[in-house]
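Okay, structure first, notes after.
Please treat every number below as a calculation from the coordinates, not as lab data. Please read all numbers here as calculations on a predicted model, not as lab measurements. Note: ideal-geometry Cβ built from the backbone for every residue, glycine included; neighbour counts use all protein chains shown.
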Amino acid sequence: MKLLDGKLTSEQIKEELAQEVAILKSQNKRAPHLAAVLVGTDGASLTYVNSKVKSCEKIGFGSTLIQLEETVSENELLKVIEDLNNNPVIDGFIVQLPLPKHIDDQKVLMTINPDKDVDGFHPTNFGRMALELPAFIPATPYGILELLERYQIETSGKNVVVIGRSHIVGRPMSILLSQKRTVGDATVTLAHSKTRNLTSLTKQADIIVAALGIAEFLKGDMVKDGVVIIDVGITRINDTSKKSGFRLAGDVHFESVAAKASYITPVPGGVGPMTIAMLLKNTLLAYHRK
Ligand code: NAP
């Protein structure tokens, strides 16, 4: 079994991006700039946004964090988004999900200028991605493609099972892996909560992408020998032995599945850091497209 080391790979990608920024600066050009909007004080969201901002600083990107009260109205949030759309210094921005219940996610995402939508959640980008046109690919599936490519894992003709059909992970992942592309040409099954006999599908899979958000769901007796495992899940589990009071668990029961897998992503240190690296890559892309 080999680890698909997302932490190491993401560091390599960030180093490549830092070199590009250094070249831009040596040409007296401004650096790319990413903004993040965070509504409320949810601990996990704050951690994710902070690590995105910190990564920007590390590679020489400009960054702006806009923190809004949990009680902010939808109209106020939409106004912040319009300002970011019109700000020439901001190349790309994200609105950290989930949003409070009184705010309509879809309305918010639709308001983002697709040219600055570095999360790739706007219908224009999603549609362009599905049609194999230039687009911002959502950062998590993009990170998984990059990880598979850099570890030279063959996907062509392979049976892939993606578990979870969310708009930000499972569904785009299933579309991308089924496309004619370097990491693609796979035969993809997209499973969800209504899927029957999931184990009969996962047992035939050469590659499994687990993105359902149930800690340690996929067990060793559900997979075949030699399977490649991509664990997207991140669940906080209470753990009093940790200083933080919790540990992070993936959607895969690591011990039993790793014993059969040829490659597997750890949690943490797998897909998570790749997601951040690809968000930065999308920001550089937005900068160049301007
Ligand atoms: P989500 O929107 O909650 O979607 C979960 C999906 O899993 C749904 O499609 C659901 O099916 C399916 N599902 C639920 N129970 C199932 C079961 N027993 N069997 C098969 N499918 C089942 O989740 P998400 O936003 O995609 O996130 C999934 C996980 O990835 C979470 O732990 C999240 O924290 C993590 N995540 C990690 C990253 C990263 O960077 N590493 C990025 C994003 C998300 P239905 O559609 O039928 O309800």
Give the lysines whose C-alpha is closer than 25 Å to that of Lys79, dropping any in the same chain fewer than 8 places away, or say none. Lys52, Lys101, Lys107, Lys116, Lys290
Pick from Asn85, Asn113, Asn75: which is most flexible by mean-square fluctuation in a GNM of the chain where alpha carbon atoms under 10 Å apart are linked? Asn75
Just round it to a whole percent: the fraction of Cα-Cα distances in region 10-132 exceeding 19 Å. 53 percent
Measuring from the longest principal axis of the C-alpha atoms of the chain, the long axis of helix 43-59 (C-alpha) lies at a number of degrees, nearest 10, equal to 70 degrees
Please get the size of the charge dipole for the chain, origin at its Cα centre, with Cβ charges of +1 on Lys and Arg and -1 on Asp and Glu, quoted in debye to the nearest 20. 360 debye
Taking every DSSP bridge whose two residues both lie in the chain, the antiparallel percent to the nearest 5 is 10 percent
Please give me the summed charge of the neighbours of Val252: other residues whose Cβ is under 14 Å from its Cβ, Lys and Arg +1, Asp and Glu -1. -3
Projecting each Cα onto the charge dipole of the chain (Lys/Arg +1, Asp/Glu -1 at the beta carbon, about the Cα centre), which of Val188, Ser156, Thr41 comes out farthest on the positive side? Ser156
Could you work out how far helix 139-150 tilts from the main Cα principal axis of the chain, as a 0 to 90 degree angle to the nearest 10? 60 degrees
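May I ask for the Rg/Rh ratio of region 191-252, computed from Cα atoms with Rh as the Kirkwood radius, given to two decimals?
On the way: Rg = 13.5 Å, Rh = 12.7 Å.
With Rg and the Kirkwood Rh in hand, the quotient comes to 1.06.
On a full-extension model of 0.36 nm per residue, what is the gain between Thr41 and Glu57, subtracting their alpha-carbon distance, rounded to one decimal in nm? Before the final figure, lay out each step's value.
Details: separation 16, 0.36 × 16 = 5.76 nm, distance 2.20 nm.
Residue separation times 0.36 nm, minus the Cα-Cα distance, leaves 3.6 nm.
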How far, in degrees from 0 to 90, does helix 6-26 lean away from the longest principal axis of the Cα atoms of the chain, to the nearest 10? 30 degrees
Cβ-based net charge around Thr47, under 11 Å, with every Lys or Arg adding one and every Asp or Glu removing one: +2
Under-5 Å amide H pairs with Val39, H placed in peptide plane, nonlocal only: Leu68, Gln96
Whole-Hz Karplus ³J(HN,Hα) for region 84-101, in order, using 6.51 cos²θ - 1.76 cosθ + 1.60 and θ = phi - 60°, x for Gly and Pro? 5, 4, 8, 7, x, 7, 8, 7, x, 8, 10, 10, 5, 9, x, 9, x, 4
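List the GluC sites (Glu not before Pro) within region 68-118 that DSSP assigns to loop and that have no more than 16 neighbouring Cβ atoms inside 10 Å. Don't skip to the end; give the middle numbers.
Working: sites: Glu69, Glu70, Glu74, Glu76, Glu82; in loops: Glu69, Glu70.
Qualifying residues, ordered by number: Glu69, Glu70.
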Would you compute the Debye intensity of the chain from its alpha-carbon atoms alone, equal scatterers and no solvent, and pass along log10 I(q)/I(0) at q = 0.08 Å⁻¹ to two decimals? -0.34
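In region 138-210, what GluC sites (Glu not before Pro) fall in a loop by DSSP, with at most 16 other Cβ atoms inside 10 Å?
Numbers: sites: Glu146, Glu149, Glu154; in loops: Glu154.
Within region 138-210, the qualifying GluC sites (Glu not before Pro) (loop, at most 16 other Cβ atoms within 10 Å) are Glu154.
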Helix-only [θ]222 nm of the chain, DSSP H runs n ≥ 4, -39500 (n - 2.57) each, per residue, nearest 500: -12500 deg cm²/dmol
Considering only C-alpha atoms, what is the centroid distance from region 219-276 to region 45-101, in Å? 29 Å
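Just to be sure I understand: of the beta bridges DSSP finds with both ends in region 200-253, what percent are antiparallel, rounded to 5? Don't jump to the answer; show the numbers that get you there.
On the way: 4 of 9 bridges.
The antiparallel fraction comes to roughly 45 percent.
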May I ask for log10 I(q)/I(0) of region 248-287 at q = 0.15, 0.25, 0.33 Å⁻¹, from a Debye sum over the Cα atoms as equal point scatterers with solvent left out? -0.48, -0.81, -1.07
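First measure r as the distance between the Cβ atoms of His288 and Lys2, then evaluate 1/(1 + (r/R0)^6) with R0 = 45 Å and state the FRET efficiency to the nearest 0.05.
On the way: r = 34 Å, r/R0 = 0.75.
After rounding, the FRET efficiency stands at 0.85.
If contacts are Cα pairs under 8 angstrom and at least 6 residues apart, what is the relative contact order of the chain in percent?
Values: 563 pairs, mean separation 60.1, N = 290.
So the answer I get is 21 percent.
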Over all distinct alpha-carbon pairs, what is the Kirkwood Rh of region 44-116 in angstrom? 13.2 Å
